[in-house]
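Structure first, then comments.
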Amino acid sequence: MFRRSKQESTATESLVVKEGGKGRPTPTRREAEAAAKARAKVPRTRKELAQAQRQARMESSQQVRSAMKTGDERYLMPRDKGPVRRFIRDYVDARFSIVELMIPLLIVTMVLGYSGNPDLRSMGNTLLLGTLLLVIVDLLLLRRRVRKEIARRFPGEPLKGTTYYTVTRAMQMKFMRMPKSKVKIGQELPEHYS
């Protein structure tokens with residue numbers, strides 16, 4: 001009447017976790033063999049093979065997308081890897097550029113162009129041309145400053161491809177940049193990137 005049954009005693013014994021153990025029970029032989037068969041199962045038809053490849057591509061692209069948002073170096077594309085590229089991203093993201101004003105100015109010039117008044121239309125064209133010239137001057141100055149900083153911070157690193165990377169990053173609106181920016185405008189950058 002007051003005795004323990006065998007099932008209760010085995011249940012309490014199996015709940016005891018060994019120090020330094022793996023925290024889960026060892027699978028039975030049948031479970032281990034079934035898991036191995038499931039992993040080793042080769043698709044038999046072209047449809048199954050295509051589905052498996054599509055699933056693998058989807059998982060890989062999801063991993064890359066999440067890395068682009070978080071900035072995880074392991075899964076970034078080769079063009080974004082390395083301390084020099086990370087420095088370029090941070091340098092471009094930490095400054096305010098005229099490109100940020102491009103879309104509002106384009107809207108203003110479009111409104112002025114469709115106003116019907118020739119004077120307003122010519123003012124809109126002048127504003128657009130002036131903005132484009134300012135953007136070009138800003139990008140040239142940015143290129144010069146970035147190359148100078150890379151030569152100072154990373155002596156001996158090749159400068160090939162840094163101009164293109166800098167300009168393409170700077171031409172995007174800040175909220176559209178990938179990998180996502182990790183610094184705020186005006187933030188002081190660290191001296192060393194590893």
| Which helices, taking whole DSSP H runs in the chain, have alpha carbons extending 30 angstrom or more along the helix axis plus mean Kyte-Doolittle at least 0.0? | 118-153
| Enclosed volume per residue, in Å³, of the convex hull spanned by Cα atoms of the chain | 340
| Where the only charges are on Cβ atoms (+1 Lys, Arg; -1 Asp, Glu), what is the dipole of the chain about its Cα centre, to the nearest 20 debye? | 1040
| In vacuo Debye scattering of the range 120-194, one point per C-alpha: log10 I(q)/I(0) at q = 0.14, 0.25 Å⁻¹? | -0.61, -1.32
| field | Sulfur and carbon atoms: percent of accessible area, the chain [1.4 Å] | value | 60
| message | Which log10 I(q)/I(0) values does the range 95-153 give at q = 0.26 Å⁻¹ under the Debye formula, counting every alpha carbon as one identical point scatterer? | response | -0.97
| remark: Mean accessible area per residue over the chain (1.4 angstrom probe, all protein chains present, square angstrom) is 79
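The values are calculated or read from the model by the stated rules, or taken from the named source; none is laboratory data. Please read all numbers here as calculations on a predicted model, not as lab measurements. No Cβ is skipped: glycine too gets one built from the backbone with ideal geometry, and neighbour counts run over all protein chains shown. Just so you know, the surface numbers come from the protein's heavy atoms only, side chains and all, with ligands and any DNA or RNA stripped out. Shrake-Rupley method; radii C 1.70, N 1.55, O 1.52, S 1.80 Å.
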